[in-house]
Amino acid sequence: MKYLLIALAILISGMLYFMHQSNKASAERLKQAEIAHQQKLEQEKIDAINAAKSAEIRKSEAEKAKLLKAEEIKLISEKSDNEFKEQQQAKQKEVQHKKDMLEKYMKINNNWTRADLIAGSTARISLGNQVTELRKIREGLVEEEFYACLEPAKKDLLEAMDSAIFNYVYFMQNEIRLWEKQTKEKINYYNKLASSLETYTACKQAI
């Protein structure tokens, strides 16, 4: 009986020891699980913070890109506006230049017409001075440069001037053999004068 009690005590002690070790292991596993859970929560918190930071960075970069795009569009728009204004100013300058040329051409033409009228009503003996004046006006026209449209008008007017001057010279010589030349020069004069005025009018209307 004594030995049975001893064996039973040993058995109970073994069981208690085993239970203690088992409980100790379970507690350790629970502790490790709790630590792992806490670490997981901390990592999730860190991941959430990093994700929020990344989202904020992307948002900031998107805003910067948007601002840069808006600034780029603004610069392009301003450049286009400036180019358009420059083109308009250049066009206006060109139009004004043409108007100035037309005005200069007509001034020469009017000066010629007045001098021609005076020469036409001047006596043969006094016509030399008027012819000299006509030649001066012609030389002034030769020295002038006009834009392309007016150049044919200038050419016709110069030919008309030559015919008029030749005609006055023939008239001063007062020779019958030159009458036919006078008639031809007079016809050529009016034809070329009319042609030059037609070209001038077309150039004026084209502006």
With Lys91, Lys107, Lys79 as the choices, which residue is among the basic types (Lys, Arg) and closer than 30 Å to Met172 by Cα? Lys107
Mind checking whether some residue in region 84-91 is surrounded by 12 or more Cβ atoms within 10 Å (Cβ to Cβ), among the aliphatic types (A, V, I, L, M) and in a helix (DSSP H, G or I)? no
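Just for helices (runs of 4 or more DSSP H) wholly inside region 100-207: which have at least 1 residues that are surrounded by 16 or more Cβ atoms within 10 Å (Cβ to Cβ) and in contact with a Pro (Cβ under 7 Å, 6 or more places away or on another chain)? Explain how you work it out, then say what you get.
Values: elements: 127-143, 151-173, 179-206.
Where helices (runs of 4 or more DSSP H) fall fully within region 100-207 and carry at least 1 residues being surrounded by 16 or more Cβ atoms within 10 Å (Cβ to Cβ) and in contact with a Pro (Cβ under 7 Å, 6 or more places away or on another chain), they are 179-206.
Return the total of residues in region 106-130 being within 20 Å of Ala153 (Cβ to Cβ), in contact (Cβ under 8 Å) with a residue 24 or more places away in the chain and of a type in the set (A, V, I, L, M).
2
None of the figures in this text is laboratory data; all of them are computed from the coordinates on show. This is a predicted model, so every value here is computed, not measured. Here Cβ is always computed from backbone atoms with ideal geometry, including for glycine, and neighbour counts include all displayed protein chains.
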